[in-house]
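Enquirer: Below is the structure I would like to discuss, written out as structure tokens.
The values are calculated or read from the model by the stated rules, or taken from the named source; none is laboratory data. Nothing here was measured: the structure is a model prediction, and the numbers come from that model. FYI the Cβ positions are ideal-geometry reconstructions off the backbone, even for glycines, and counts take in every protein chain you see.
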Amino acid sequence: MQLIDGKAVAAHIKQQIAQEVSDIKAAGGKTPHLAAILVGHDGGSETYVANKVKACAECGFKSSLIRFENDVTEQELLDKVKELNEDPDVDGFIVQLPLPKHISEQKVTEAIDYRKDVDGFHPVNVGRMSIGLPCFLSATPAGIIDLLAHYNIETKGKHCVVLGRSNIVGKPVASLMMQKAYPGNATVTVCHSATPNIKEICLTADIIIAALGSPEFVTADMVKDGAVLVDVGTTRVPNANTKSGFKLTGDVKFDEVAPKCSFITPVPGGVGPMTICSLMKNTLLAGKKAIYK
Ligand code: GUN
């Protein structure tokens with residue numbers, strides 16, 4: 001069993017980005033600038049956004065954090081999105097999700113100029129991804145693909161089972177894994193809450209990508225020997241023994257599943273660090289106007 005070290009791979013990629021940014025600056029080019037909008041004070045979102053700002057500094061990017069309280073109106077948020085769309089200094093920006101219930105996430109996502117949509121959530125980017133055109137790939141699926149490539153994991157002709165059908169992970173990663181490319185070329189099955197025989201399907205999987213948000217859902221009796229396990233779950237499970245009062249828990253029962261695997265991602269330190277890295281890659285592409293002019 002080999003542990004997939006997302007933290008190390010992410011550090012390596014960020015170092016490469018920092019070098020390229022340093023070269024761009026030395027040649028008199030523009031410093032890539034990522035802006036992030038954060039609404040409210042949700043603990044998870046605060047941590048994610050703080051980590052994104054920190055990663056920007058590591059890469060040599062400029063970053064701006066724009067905060068609103070929970071009672072911000074949808075129109076105020078849409079006005080800020082419009083302002084960032086029109087700001088020539090901002091290369092890319094994100095609106096951290098989830099948003100308060102009174103604001104339509106879909107409306108806000110669609111208001112973002114797809115040429116600055118470094119989250120890859122805008123329908124233009126999602127559509128271009130699904131037909132294999134250059135675009136901003138959404139961060140978690142792109143991070144998974146980069147990890148598989150980094151470890152030279154064979155995907156062609158393999159049976160890849162994706163657990164979960166969310167718009168930000170399950171659907172896009174299924175789409176990328178079936179694309180005629182490496183990593184890709186897999187036969188993909190997507191399981192979700194209405195799939196009756198998940199265990200039987202998982203037992204036929206060469207690669208399992210677990211993105212349900214259901215702590216320790218995948219147990220040893222669902223996994224065949226030699227399978228590759230990618231765990232996207234990051235649920236905060238209350239735990240009295242940790243300083244924070246919770247333990248970040250994946251969708252895979254790691255201790256019993258790991259011995260059966262050829263490769264497995266840990267939680268934390270697997271897919272998580274790669275997600276932020278993908279956002280940094282997209283920000284560099286946006287700064288260079290490498291995808292859209
Ligand atoms: N909330 C959870 N993951 C993400 C992400 O990748 N981007 C944004 N904007 N919000 C999120």
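Enquirer: Can you tell me how many residues within the stretch 59-104 are in a helix (DSSP H, G or I) and surrounded by 14 or more Cβ atoms within 10 Å (Cβ to Cβ)? Walk me through it before giving the result.
Expert: Going residue by residue through the stretch 59-104, those that are in a helix (DSSP H, G or I) are 59, 74-86.
Now restrict to residues that are surrounded by 14 or more Cβ atoms within 10 Å (Cβ to Cβ): 59, 74, 77-78, 80-81, 84-85.
Selection size over the stretch 59-104: 8.
Enquirer: Same structure again: Within the stretch 190-242, can you find the residues that are basic (Lys, Arg) and at pLDDT 95 or above? Can you show your working first?
Expert: Pass one, the stretch 190-242, residues basic (Lys, Arg): 199, 224, 236.
Answer for the stretch 190-242, where residues must be basic (Lys, Arg) and at pLDDT 95 or above: 199, 224.
Condition check ((1) assigned to a loop (DSSP other than H, G, I, E, B); (2) more than 16 Å from the ligand (Cβ to nearest atom)) across all residues:
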position: 194; (1), (2): yes, yes
position: 226; (1), (2): yes, yes
position: 240; (1), (2): yes, yes
position: 258; (1), (2): no, yes
position: 276; (1), (2): no, no
position: 283; (1), (2): no, no
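Conditions (1) in contact (Cβ under 8 Å) with a residue 40 or more places away in the chain; (2) within 22 Å of residue 270 (Cβ to Cβ); (3) within 15 Å of the ligand (Cβ to nearest atom), marked per residue:
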| site | (1), (2), (3) |
| --- | --- |
| 72 | no, no, no |
| 103 | yes, no, yes |
| 130 | yes, no, no |
| 161 | yes, yes, no |
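Enquirer: Which of the residues belonging to the stretch 236-293 are in contact with a strand residue (DSSP E or B) (Cβ under 7 Å, 6 or more places away or on another chain), hydrophobic (A, V, I, L, M, F, W, C) and free of Cβ contacts under 8 Å to residues at least 12 places away in the same chain?
Expert: If the condition is that a residue be in contact with a strand residue (DSSP E or B) (Cβ under 7 Å, 6 or more places away or on another chain), hydrophobic (A, V, I, L, M, F, W, C) and free of Cβ contacts under 8 Å to residues at least 12 places away in the same chain, then 246 is the only one that fits.
Each row is one residue, and each column tells you yes or no for (1) among the hydroxyl-bearing types (Ser, Thr, Tyr); (2) farther than 20 Å from residue 229 by Cβ.
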residue	(1), (2)
78	no, yes
97	no, yes
118	no, yes
123	no, yes
136	no, yes
148	no, no
151	yes, no
157	no, no
161	no, no
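Enquirer: Still on this model: Could you tell me whether any residue of the stretch 10-26 is in a loop (DSSP other than H, G, I, E, B), more than 19 Å from the chain's Cα centre (by Cα), over 19 Å from residue 122 (Cβ atoms) and at pLDDT 95 or above? Break it down into steps so the answer makes sense when it comes.
Expert: Taking the stretch 10-26 first, the residues in a loop (DSSP other than H, G, I, E, B) are none.
Scanning the stretch 10-26, I find no residue that is in a loop (DSSP other than H, G, I, E, B), more than 19 Å from the chain's Cα centre (by Cα), over 19 Å from residue 122 (Cβ atoms) and at pLDDT 95 or above, so the answer is no.
Enquirer: Only one of these is within 13 Å of the ligand (Cβ to nearest atom) and more than 15 Å from the chain's Cα centre (by Cα): 169, 108. Name it. Spell out the reasoning first.
Expert: Working: 169 fails: more than 15 Å from the chain's Cα centre (by Cα).
From the options 169, 108, the qualifying one is 108.
Enquirer: In the stretch 226-272, what residues are within 24 Å of residue 171 (Cβ to Cβ), surrounded by fewer than 24 Cβ atoms within 10 Å (Cβ to Cβ) and of a type in the set (Asp, Glu)?
Expert: Hits for the stretch 226-272: nothing passes.
Enquirer: Report every pair of residues separated by at least 6 positions or lying on different chains whose Cβ atoms are under 7 Å apart, first residue within the stretch 34-52 and closer than 15 Å to residue 272 by Cβ, second away from the ligand (no atom under 11 Å from the Cβ) and modelled with pLDDT of 95 or more.
Expert: Once the first residue is closer than 15 Å to residue 272 by Cβ and sits in the stretch 34-52, its partners that are away from the ligand (no atom under 11 Å from the Cβ) and modelled with pLDDT of 95 or more give 49/65.
Enquirer: Collect the residues in the stretch 178-199 that are in contact (Cβ under 8 Å) with a residue 40 or more places away in the chain and surrounded by 13 or more Cβ atoms within 10 Å (Cβ to Cβ), keeping them in residue-number order. Give the steps one after another, and end with the answer.
Expert: Step one: filter the stretch 178-199 for residues in contact (Cβ under 8 Å) with a residue 40 or more places away in the chain, giving 179-181.
Result: 179, 181.
Enquirer: Go through the residues of the stretch 110-117 one by one and say whether even a single one is acidic (Asp, Glu), exposed (fewer than 15 other Cβ atoms within 10 Å of the Cβ) and touching a strand residue (DSSP E or B) at 6+ places or on another chain (Cβ under 8 Å).
Expert: Of the stretch 110-117, the ones acidic (Asp, Glu) are 110, 113, 117.
Now drop any that are not exposed (fewer than 15 other Cβ atoms within 10 Å of the Cβ), which leaves none.
Among the residues of the stretch 110-117, not one is acidic (Asp, Glu), exposed (fewer than 15 other Cβ atoms within 10 Å of the Cβ) and touching a strand residue (DSSP E or B) at 6+ places or on another chain (Cβ under 8 Å), which makes the answer no.
Enquirer: When you scan the stretch 1-58, how many residues do you find that are of a type in the set (Gly, Ala, Ser) and surrounded by 20 or more Cβ atoms within 10 Å (Cβ to Cβ)?
Expert: Of all residues in the stretch 1-58, those of a type in the set (Gly, Ala, Ser) come to 6, 8, 10-11, 18, 22, 26-29, 35-36, 40, 43-45, 50, 55, 57.
If we keep only those that are surrounded by 20 or more Cβ atoms within 10 Å (Cβ to Cβ) as well, we get 6, 10, 35-36, 55.
Qualifying residue count for the region: 5.
Enquirer: Further, regarding this structure: Do we have any residue at all in the stretch 159-175 that's farther than 27 Å from residue 5 by Cβ, crowded, with 20+ Cβ neighbours inside 10 Å and in contact with a Cys (Cβ under 6 Å, 6 or more places away or on another chain)?
Expert: Scanning the stretch 159-175 turns up no residue that is farther than 27 Å from residue 5 by Cβ, crowded, with 20+ Cβ neighbours inside 10 Å and in contact with a Cys (Cβ under 6 Å, 6 or more places away or on another chain).
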